[in-house]
1. For Glu168, all conditions in the list (1) open to solvent by 30 Å² or more (accessible area, probe 1.4 Å); (2) touching a Gly at 6+ places or on another chain (Cβ under 9 Å); (3) free of Cβ contacts under 8 Å to residues at least 60 places away in the same chain hold save one; what is the number of the exception?
2. Yes or no: Val77 of a type outside the set (Phe, Trp, Tyr), within 16 Å of Ser26 (Cα to Cα) and at pLDDT 95 or above?
3. Is there any pair with a first residue in segment 69-95 that is free of Cβ contacts under 8 Å to residues at least 60 places away in the same chain and of a type in the set (A, V, I, L, M) and a second that is in a helix (DSSP H, G or I) and open to solvent by 60 Å² or more (accessible area, probe 1.4 Å) whose Cβ atoms are under 6 Å apart and which are 6 or more apart or on different chains, and what are they?
4. Among the residues of segment 94-116, count how many are open to solvent by 60 Å² or more (accessible area, probe 1.4 Å) and in a helix (DSSP H, G or I).
5. Looking at segment 121-142, which of the residues that are of a type in the set (Asp, Glu) and within 22 Å of Ala156 (Cβ to Cβ) is modelled with the highest pLDDT?
6. Would you pick out the residues in segment 137-147 that are open to solvent by less than 80 Å² (accessible area, probe 1.4 Å) and of a type outside the set (A, V, I, L, M, F, W, C)?
7. Taking the stated definitions as given, is His189 of a type outside the set (A, V, I, L, M) and open to solvent by 60 Å² or more (accessible area, probe 1.4 Å)?
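The values are calculated or read from the model by the stated rules, or taken from the named source; none is laboratory data. A quick note: this is a predicted structure, and the numbers were derived from the prediction, not measured. All Cβ positions, glycine included, derive from the backbone under ideal geometry; neighbour counts span all protein chains shown. To get the accessible areas, we keep the full protein, side chains included, count just its heavy atoms, and leave off ligands, DNA and RNA. Shrake-Rupley method; radii C 1.70, N 1.55, O 1.52, S 1.80 Å.
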Amino acid sequence: MSDREGIYQAVIKETKAAGATLVAVSKQRSQDQIMELYNWGQRDFGENRDAELVEKYHALPKDIRWHFIGHLQRNKVKNIAPFVTLIHAVDSLRLLREIDKQAKVFDRTIPTLLQFHIAEEESKYGLDLQGAKELLQAVKEEPLSHARIAGVMGMATYTDNDEQIAGEFVSLSDAFGLLQRQVFFDDEHFKEISMGMSGDYPIALEHGSTLVRVGSLLFN
């Protein structure tokens with residue numbers, strides 16, 4: 001077993017033990033690199049550019065579950081709507097409506113996650129709790145037909161301060177719990193918390209993450 005495969009097996013073991021799913025972040029990675037992980041058993045991969053994702057979708061095995069993990073522009077939704085498994089970063093009602101529209105065109109239901117801004121960096125996208133509640137009220141008044149809100153997503157501050165990272169993950173878990181109790185109490189599909197990357201995924205798993213997005217640790 002190579003060193004890289006050993007790292008992969010350790011990460012997947014830790015993730016599965018926590019009851020979570022490992023999304024291998026394959027952006028800017030070659031098809032050969034992706035196939036190496038595929039041959040080890042990995043099926044969930046994450047991309048953040050629509051054109052790169054479309055190219056890889058057509059070239060690689062069709063049992064791969066493709067996650068869109070980056071900031072998605074509304075005019076790009078149609079490119080990934082035919083096949084995307086999960087859109088992680090919905091930060092506006094307009095984007096959610098466009099996903100719903102394009103999913104209907106392709107007669108699909110597309111699961112999505114509401115992105116929360118939990119980090120100190122203002123450059124990161126995301127909703128606050130009040131914004132999420134307003135979005136969900138609008139959805140209640142005009143329900144979605146082909147997009148589904150399946151949970152929440154957030155990115156912690158890029159820092160070596162584990163206590164700060166843990167606090168930010170707790171805030172996302174708390175937001176998930178609040179929405180689950182107040183809005184999605186009868187919706188079995190609202191179950192995902194996407195948080196944790198290469199540098200902080202063990203902390204995320206400790207605080208309830210169901211999807212960790214790990215890239216450099218697996219590919220470098």
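1. For Glu168, the failing item is (1).
2. Spelling it out, it is not the case that Val77 is of a type outside the set (Phe, Trp, Tyr), within 16 Å of Ser26 (Cα to Cα) and at pLDDT 95 or above.
3. Leu95/Arg74
4. 4
5. Per the criteria, the residue is Asp128.
6. Pass one, segment 137-147, residues open to solvent by less than 80 Å² (accessible area, probe 1.4 Å): 138-139, 144-147.
Listed by number, the residues that qualify are Ser145, His146.
7. Working: of a type outside the set (A, V, I, L, M): yes; open to solvent by 60 Å² or more (accessible area, probe 1.4 Å): yes.
Yes: the conditions hold for His189.
Residue by residue, here is whether (1) in contact with a strand residue (DSSP E or B) (Cβ under 7 Å, 6 or more places away or on another chain); (2) among the hydroxyl-bearing types (Ser, Thr, Tyr) holds:
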position: Met1; (1), (2): no, no
position: Arg4; (1), (2): no, no
position: Ala18; (1), (2): no, no
position: Ser26; (1), (2): yes, yes
position: Ser30; (1), (2): no, yes
position: Ala51; (1), (2): no, no
position: His58; (1), (2): no, no
position: Asn75; (1), (2): no, no
position: Pro82; (1), (2): no, no
